[in-house]
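Here the structure comes first, spelled out in structure tokens, and everything after it is commentary.
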Amino acid sequence: MHRIDCPWCGERDEVEFQYQGDATKVRPKPDASEDAFFDYTYQRDNPKGWHTEWWHHVGGCRQWVKVVRNTLTHEVHKTGGPQSKLPLPRRKAEGGL
Amino acid sequence: MRYNAFQILKQGLSGHKGWKPMWRDPEPKAEYDVIIIGGGGHGLATAYYLAKEHGITNVAVIEKGWIGGGNVGRNTTIFRSNYMFPANTHFYEKGMKLWEGLEQDFNFNAMVSQRGVINLFHSDPQRDAFARRGNAMRLAGVDAEFLSPDQLKEMVPILDFKNARFPIQGGLMQRRGGTIRHDAVAWGFARGADSRGVDIIQNCEVKDIVIEGGAAVAVETSRGKIRGKKVAMAVAGHTSQIAAMAGIKLPIESHVLQAFVSEGIKPLIDTVVTFGAGHFYISQSDKGGLVFGGDLDGYNSYAQRGNLPMMEHVMAGGMAIMPAIGRVRLLRHWGGIMDMSFDGSPFICKTGVDKLYLNGGWCYGGFKATPASGWCYAHTIAKDEPHPLNKDFTIERFREGRMIDEKGVGPNPWIQ
């Protein structure tokens, strides 16, 4: 069970949230190239280890929470709001490639 | 050694001392015609069909752990070909036909059981959607049958037909679908490939793909460098990692999918039933265990285990449609890592790197595809061009707007 610390509501169970994917992807400007939109929509690093991602607190405050979580151990490292800069931990995930 | 009744008799009379290991444990050679990364179902099937259909036997299957230790042993053993889109229909039907002849073909008992697969529907629109899919299947030469509630009651009496939220209005059935002993698929393909000269190299991890002049020429492994005239990936679950070694970025996310087995009970259900509206599907193994599963956990994960909320959700689905299983105890559960592609369909294709081939993106439908995947991938590798059956399973389809999105949910892998 993931416990996610919502900056507005406090620590809650994952069942209150809807996962919304990779938060490192930033929507390109409207006049950006097709390549930029292709990359934004479809291409993912899909890291084995630390991953910055969106969890939508649908069963709570309905805010979007940015979460740094380990895809191998399911450890939640840090959470913040959409504008938060959340650096990845320095140590590598165990066994991560 | 051919397996047959005479062998059983002969070995039985001589104390079973004459059975040979099913495959060798060779040291890697310096160079191969084809290196397949990944000794799962798809990699082994590819090696088997490369040798059998194309006469290419100087092949290595390189596996990090032991063969069949990944998703070919972490599924719910179901096979079917009940897809609607032409690319999928014809591809999975090829798989169905290969399954039907597989045991004779590779001389191994995989316990292929065509016990049927039934998709339940609960509303008029869902009935119409299923009828449409069934008709598309029949037009493509695939069997599909519409079942009335009365027919269903005879076949699966323990369903809750009068469920308040999801009353059962009928089902779409593919009688040729069913279940298979999944480990035997890996072992059968491994034995068949090995006997034709393929080297199966276990406990050998690929660390890097060596590219020279725009072409893949070798792999660096934990047991040294191995050169290959062609290098083929078949590592679904970890495709992003291996592809990154060749500088390739893909429309794939890795997600965990759980499955469950109950204690063994007397025969309760002799077909496969899927309750899509409640995210639950079930069959019963020959040992008596109820084998069932549901949806992805729904977040990126490489942990081969799931979490409790999805477990509860799946059980709730089971209780809703089959309340009789409420007193049955759960024996084990496990998680497998799925390559979730951004349209729910796989890749069997060439890559931007010459002599490097991709097989992945199987989402949660990889097991049923195993023979078709190996057969088409072997063709793609041997001829350096796709077979018509897999020509649509490219990486470029996303850039070209030719997604094969059977579910129609868009580029959100966690709900595909």
Which of B:G141, B:G178, B:S123, positive extreme of dipole for the range B:123-183 (C-beta unit charges): B:G141
So how strong a dipole does chain B carry about its Cα centre when Lys and Arg Cβ are +1 and Asp and Glu Cβ are -1, to the nearest 20 debye? 760
Could the peptides A:51-58, B:97-104, B:124-131 be put in order, highest first, of the mean number of other beta-carbon atoms found within 10 Å of their residues? A:51-58, B:97-104, B:124-131
Rounded, prolate or oblate: which fits the range B:140-265, taking a ≥ b ≥ c as square roots of the Cα gyration tensor eigenvalues, rounded meaning a/c under 1.5, else prolate when a/b beats b/c? prolate
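Counting Lys and Arg as +1 and Asp and Glu as -1, each charge on the Cβ, what is the dipole of the range A:3-80 about the Cα centre in debye, to the nearest 20?
In total the dipole reaches around 160 debye.
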Between the range A:34-83 and the range B:216-244, what is the separation of their alpha carbon centroids in Å? 29
Pick from B:I248, B:I404, B:I282 the residue whose mean-square fluctuation is largest in a GNM of chain B, springs joining Cα atoms under 10 Å. B:I248
Looking only at other chains, what is the average number of their beta-carbon atoms within 10 angstrom of each beta-carbon in B:233-244? 2
Lone Cys, chain A, Cβ cut-off 4.7 Å -> A:C61
For the protein assembly as shown, size of Cβ-based charge dipole, Lys and Arg +1, Asp and Glu -1, in debye: 800
In whole angstrom, note down how far apart the Cα centers of the range B:334-374 and the range B:80-143 are. 19
Helix-only mean residue ellipticity at 222 nm, the protein assembly as shown, DSSP H runs n ≥ 4 weighted -39,500 (n - 2.57), per residue, nearest 500. What is it? -8000 deg cm²/dmol
Relative contact order, percent, chain B [alpha-carbon distance under 8 Å, six or more residues apart]: 21
A student applying the Cα gyration tensor rule (rounded when a/c is under 1.5; otherwise prolate if a/b is larger than b/c, oblate if not) would label the range B:134-193 oblate
Quick check: the angle from helix B:86-106's long axis to the longest principal axis of chain B, C-alpha only, nearest 10 degrees? 70
Determine, for each peptide in B:219-230, B:62-73, B:337-348, B:26-37, the mean count of other beta carbons within 10 angstrom over its residues, then list the peptides with the highest first. B:337-348, B:62-73, B:26-37, B:219-230
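Rounded to the nearest 5, what is the percent of antiparallel bridges among the DSSP beta bridges in the protein assembly as shown?
For the protein assembly as shown, the DSSP antiparallel bridge percentage is about 75.
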With springs connecting C-alpha atoms under 10 Å apart, model chain B as a Gaussian network and identify which of B:I180, B:I118, B:I265 has the largest mean-square fluctuation. B:I265
Shielding of A:43-52 by partner chains, average beta-carbon count, 10 Å: 6
Shielding of A:66-73 by partners, i.e. mean partner chain Cβ atoms within 10 Å per residue? 3
How large is ³J(HN,Hα), in whole Hz, for each residue of the range B:7-20 in order, when computed from phi with the Karplus curve 6.51 cos²θ - 1.76 cosθ + 1.60 and θ = phi - 60°, using x for Gly and Pro? 4, 4, 5, 4, 5, x, 6, 10, x, 6, 8, x, 5, 9
With a ≥ b ≥ c from the Cα gyration tensor eigenvalues, square-rooted, and the rule rounded for a/c under 1.5, otherwise prolate when a/b > b/c and oblate otherwise, chain A is oblate
In terms of modelled amide H atoms, which long-range or inter-chain residues lie less than 5 Å from the amide H of B:A232? B:I35, B:I36, B:I37, B:Y357
Report, in listed order, any pair from A:K48/B:K64; B:K20/B:K225; A:K25/A:K78; B:K225/B:K350; A:K29/B:K355; A:K48/B:K225 with a Cα-Cα distance greater than 27 Å. B:K20/B:K225; A:K29/B:K355
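Quick note: the coordinates plus some simple rules give every number you see, no bench work behind them. Just so we're clear, the structure is a prediction, and the values are computed from it rather than from any experiment. Positions of Cβ are generated from backbone atoms using ideal geometry, with glycine treated the same way; all protein chains shown enter the neighbour counts.
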